[in-house]
């Protein structure tokens, strides 16, 4: 590795033998949620989205990029696997983008704000990719960035609040001023809270119902105060970063697929990406080891996004996806970890001897891009990603991708911890590997919640 200061992602990559070496050497840990760790305690905060109502402040950790102009819809159609036949103002959808080989670059939420005006919200992979294509493709589109807090010295343009749980809608109706509108799933509507106009998206993370609210940052404190005051009668609990980090694995969303940007065709894109961005600093961790970055890539089907792939338009990766459509895929599943094996990991932290990899509670993923090997009879059958504990499941579990012929209820083994000799990073202590018995489930683990 040379010691020159790189000026872009591609230059940084050239300092390493391959992309895996760069990502394995990144000193960063898990994805950061710059909010208080806890407002009460993470256990009550987890229970609130199943038993009452929880308030999450999402104003800090996601990147918002606005696209406005006559070529907006053409741009989206060219870069996303989704169809846009029924998309427009006051609509939203999960946008999925792929590289030319059909591997996922990322997914995010697309908001339709007005005719020819949208925003893409989420981890930076998708907003960055769409912005790059808007520029190099000479689309008649104006791009406005609202960077996440870790990359934003000037302050956010908007606030964003998530209100979830069985009491969520009753709370929002109580604090709304006026007749409550009907907002269909993944549609947007207007509310009035504390005299402020609030945009509401019917989109839930916990599968228990609720709304995501946003508006100008200047209105954020007033809207928040009104919701918290009204929430007292509905059992509202504020959720912090520790509980928030466990929502997506419980509900079934894999937050960070490996961005499939390390191809020869995307060299110019890597030269456009900065060295201080997400793609250049994401860390790769876990027991699965390969020097080939493609072994870490996912197709839309691996992530449960096959339903989003529509061949009614031309888009980047279409030809490759058409060939992959009828091929075997991996399936997104939950793995319930064996209680005794988990206790073995915690017991190893006590007394003499080298311990197993510590499991931080309530989320045990220690890298931005976690990939642990899943074994069956000595054969690799998939990859385990985000490992968490929630009081709703009452146990440890992970989201995973397994070969589609592995049956529901199958006993599998997750290799926990990294190989000896793996690159040392500040967030990874000296440890030895162990095996965790797990049971595969096609369905989320708290369906009765």
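Key figures for this structure:
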{"quantity": "Residues of the stretch 1-26 classified as surrounded by fewer than 20 Cβ atoms within 10 Å (Cβ to Cβ) and either free of Cβ contacts under 8 Å to residues at least 24 places away in the same chain or not in a helix (DSSP H, G or I) (or both), total", "calculated": "14"}
{"quantity": "Test: residue in the stretch 119-127 that is in the same structural domain as residue 88 (by TED's automatic domain parsing), at pLDDT 95 or above and surrounded by fewer than 18 Cβ atoms within 10 Å (Cβ to Cβ)", "calculated": "no"}
{"quantity": "Checking residue 49 against (1) touching a helix residue (DSSP H, G or I) at 6+ places or on another chain (Cβ under 8 Å); (2) surrounded by fewer than 19 Cβ atoms within 10 Å (Cβ to Cβ); (3) within 22 Å of residue 246 (Cβ to Cβ), the condition it does not meet", "calculated": "(2)"}
{"quantity": "Residue list for the stretch 212-255, restricted to those being in contact with a helix residue (DSSP H, G or I) (Cβ under 6 Å, 6 or more places away or on another chain), farther than 19 Å from residue 44 by Cβ and at pLDDT 95 or above", "calculated": "226, 230"}
{"quantity": "Residue ranges of strands (runs of 3 or more DSSP E) in the stretch 164-245 with at least 3 members touching a residue at least 60 places away in the same chain (Cβ under 8 Å) and more than 26 Å from the chain's Cα centre (by Cα)", "calculated": "none"}
{"quantity": "Residues satisfying the stated conditions in the stretch 52-69, i.e. at pLDDT below 95 and either in a loop (DSSP other than H, G, I, E, B) or surrounded by fewer than 22 Cβ atoms within 10 Å (Cβ to Cβ) (or both)", "calculated": "58, 59, 60, 61, 62"}
{"quantity": "Any hit, the stretch 304-316, residues being over 25 Å from residue 403 (Cβ atoms), crowded, with 18+ Cβ neighbours inside 10 Å and touching a strand residue (DSSP E or B) at 6+ places or on another chain (Cβ under 9 Å)", "calculated": "yes"}
{"quantity": "Scan of the stretch 27-46 for residues that are modelled with pLDDT of 95 or more and surrounded by 15 or more Cβ atoms within 10 Å (Cβ to Cβ), ordered by number", "calculated": "38, 39, 42, 43, 44, 45, 46"}
{"quantity": "Residues of the stretch 357-372 satisfying the condition of being surrounded by fewer than 20 Cβ atoms within 10 Å (Cβ to Cβ) and either in a strand (DSSP E or B) or free of Cβ contacts under 8 Å to residues at least 12 places away in the same chain (or both)", "calculated": "360"}
{"quantity": "Given (1) surrounded by fewer than 16 Cβ atoms within 10 Å (Cβ to Cβ); (2) on the phi < 0 side of the Ramachandran plot; (3) at pLDDT 95 or above, number of the condition residue 178 does not satisfy", "calculated": "(2)"}
{"quantity": "Pair list, Cβ < 6 Å and 6+ apart or interchain, from the stretch 268-280 residues that are within 20 Å of residue 146 (Cα to Cα) to residues that are assigned to a helix (DSSP H, G or I)", "calculated": "272/132; 273/9; 273/279; 275/12; 279/9; 280/9; 280/12"}
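The values are calculated or read from the model by the stated rules, or taken from the named source; none is laboratory data. Keep in mind the model is a prediction, meaning the values are calculated, not measured. Don't worry about glycine lacking a Cβ; one is built from the backbone with ideal geometry, like all the others, and counts go over all protein chains shown.
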